[in-house]
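Below you'll find the structure, written out as structure tokens, and then a few comments.
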Amino acid sequence: MNYISTRGRAPELGFEDTMLAGLARDGGLYVPDEIPQMSADEIVALAGLPYEEAALRVMRPFVDLSDEVLSDLIARAYGGFGHAARAPLKQLEPGLFLLELFHGPTLAFKDFAMQLIGQLFAESMARRGSRITIVGATSGDTGSAAIEAFRGLDNVDVFILYPHGRVSEVQRRQMTTPAEANVHALALDGDFDDCQAAVKAMFNDFEFRDGVGLTAVNSINWARVLAQVVYFFTSAVALGAPHRKVSFTVPTGNFGDIFAGYVAKRMGLPIDRLVVATNRNDILHRTLAEGEHRKMGVAPTISPSMDIQVSSNFERALFDAYGRDGAAVSRLMDELSKDGGFPVSQGALQALRESFDSGRASEEETVATIRAVHAATGEVLCPHSAVGVKVAQEHLDPAVPMIALATAHPAKFPDAVEGAVGMRPPLPNRMADLYDRPERLTEVPNDLDRLKSLIRERIAP
Ligand SMILES: *Cc1c(COP(=O)(O)O)cnc(C)c1O
């Protein structure tokens, strides 16, 4: 399988090079040149399989590795999860289900992708005998998941830029407490978009990029999107797909998770609606509702992992909506960075609306949802998952079960949860000493040259 850039001017690559490249050299994102199909029989056959076996069958056509190697990597990736089902499904009310994606080592759904990508990189580097520098921007959960996945691996340094003072204490501690020398937590004086812009700029400096072996594991990395496709299949099959359609509501920031749902749908999974749930940073909801994609500044919320104004993976959806016209996507992205936004063409908007619905939840609605779901079911939602459940409740269709994705464990956001239900959710036992471990971080200014020299110094042999 080959991968092409959404901006049409980068070389086509195979799976491994796509994964190692992260961002394409023309600034675009890699997507498969064609989406492999799973037949109804193949989907039926996923029912009842262990998660790892289903993952192998869903991902296999995208990856150029033998089944033996891939299934070994998958087994290692998910072996450390705290739940045997990996992604258990719970019913909240008639027609509404919660997919718990927070049983990984850092308690957020990002572990599904990051744990696998760590294994894939380790396998690739061992085979190639090369070394890499991973640089990522995080609004909290990506960074901790990346550090957890790469800590202590040979031939890798991992640098994570996070907005200083804007991540939760658990998120910060998960990034700053690993003691391995290859882990570098950088607290940037700015917001998440500043972090993301700095990472993009480093990738666009080819001399620096090649000099340090720069690699991205942000949600733009195709391998991450791919790992997330799996649980759309396993959960839909558990509720009767392919004989019965299902819908999903996804708490959305960078559009990586919901784009994985879109890929599942394109592969043949009968998904009815994919509902984008945003907090008050609602660029995606406004885009789908009004047809204008326009940045508005980031407002901090109690669901900080969704506090973005530039949603990177949305470019992949635009690429398809514009008939895979890389030149058109290039022009839109230029307009976005020069003018802060662009109108979506009528045809593209119609194409987007064929797959996606959207809704947004205010801070008050998010808190009220945590409280109401707890009172009705005993389930304690994290604020991101609550945004999803709130929007899901507005999109229920009696004929189609709705699955809302629970993207983080409530203990990752104890202040918001306490504000809603009056108690602090405990961390799972396996990480109960997190608050006692010493922290290690470097505060950095929002200055690209200083960042680049810091990275060069840290990786110098
Ligand atoms: C990253 C994250 C999101 C947003 O996911 P995207 O793939 O960026 O849309 C939602 N909730 C939590 C808890 C997250 O960590």
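The values are calculated or read from the model by the stated rules, or taken from the named source; none is laboratory data. No experiment lies behind these values; they were computed from the predicted model shown. So basically every Cβ, Gly included, is an ideal-geometry build from the backbone, and we count neighbours across all protein chains shown.
One table, with the values for the structure above:
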| read-out | value |
| --- | --- |
| In the stretch 189-206, the residues that are hydrophobic (A, V, I, L, M, F, W, C) and under 17 Å from residue 133 (Cβ atoms) | 195, 198, 199, 201, 202, 203, 206 |
| The stretch 238-263: number of residues that are among the hydrophobic types (A, V, I, L, M, F, W, C), assigned to a helix (DSSP H, G or I) and within 16 Å of the ligand (Cβ to nearest atom) | 4 |
| Residue check for residue 165: out of contact with any strand residue (DSSP E or B) (no Cβ under 7 Å at 6 or more places or on another chain), in a loop (DSSP other than H, G, I, E, B) and modelled with pLDDT under 95 | yes |
| Among (1) assigned to a strand (DSSP E or B); (2) farther than 21 Å from residue 383 by Cα, the one test that residue 207 misses | (1) |
| Qualifying position, being among the aliphatic types (A, V, I, L, M), in contact (Cβ under 8 Å) with a residue 24 or more places away in the chain and touching a strand residue (DSSP E or B) at 6+ places or on another chain (Cβ under 6 Å), among 269, 239 | 239 |
| Residue under evaluation residue 362, criteria (1) of a type in the set (Ser, Thr, Tyr); (2) in contact with a helix residue (DSSP H, G or I) (Cβ under 7 Å, 6 or more places away or on another chain); (3) within 18 Å of residue 304 (Cβ to Cβ), criterion not met | (2) |
| Filter result for residue 414 (farther than 30 Å from residue 233 by Cβ and buried (at least 17 other Cβ atoms within 10 Å of the Cβ)) | yes |
| Considering residues of the stretch 31-65 that are among the acidic types (Asp, Glu) and in a helix (DSSP H, G or I) only, the residue nearest to the chain's Cα centre (by Cα) | 52 |
| Single residue of the stretch 31-70 satisfying the filter (hydrophobic (A, V, I, L, M, F, W, C) and in contact with a strand residue (DSSP E or B) (Cβ under 7 Å, 6 or more places away or on another chain)) that is surrounded by the most Cβ atoms within 10 Å (Cβ to Cβ) | 31 |
| Listing of helices (runs of 4 or more DSSP H) fully contained in the stretch 306-419 that carry 3 or more residues being in contact (Cβ under 8 Å) with a residue 24 or more places away in the chain and within 21 Å of residue 29 (Cβ to Cβ) | 314-321, 326-339, 346-355 |
| Identity of the residue in the stretch 18-30, under 20 Å from the mean Cα position of the chain (by Cα) and surrounded by fewer than 23 Cβ atoms within 10 Å (Cβ to Cβ), that ends up farthest from residue 155 (Cα to Cα) | 27 |
| Test result for residue 201, away from the ligand (no atom under 16 Å from the Cβ) and buried (at least 24 other Cβ atoms within 10 Å of the Cβ) | no |
| Residue 93 being at pLDDT 95 or above and surrounded by fewer than 18 Cβ atoms within 10 Å (Cβ to Cβ) | yes |
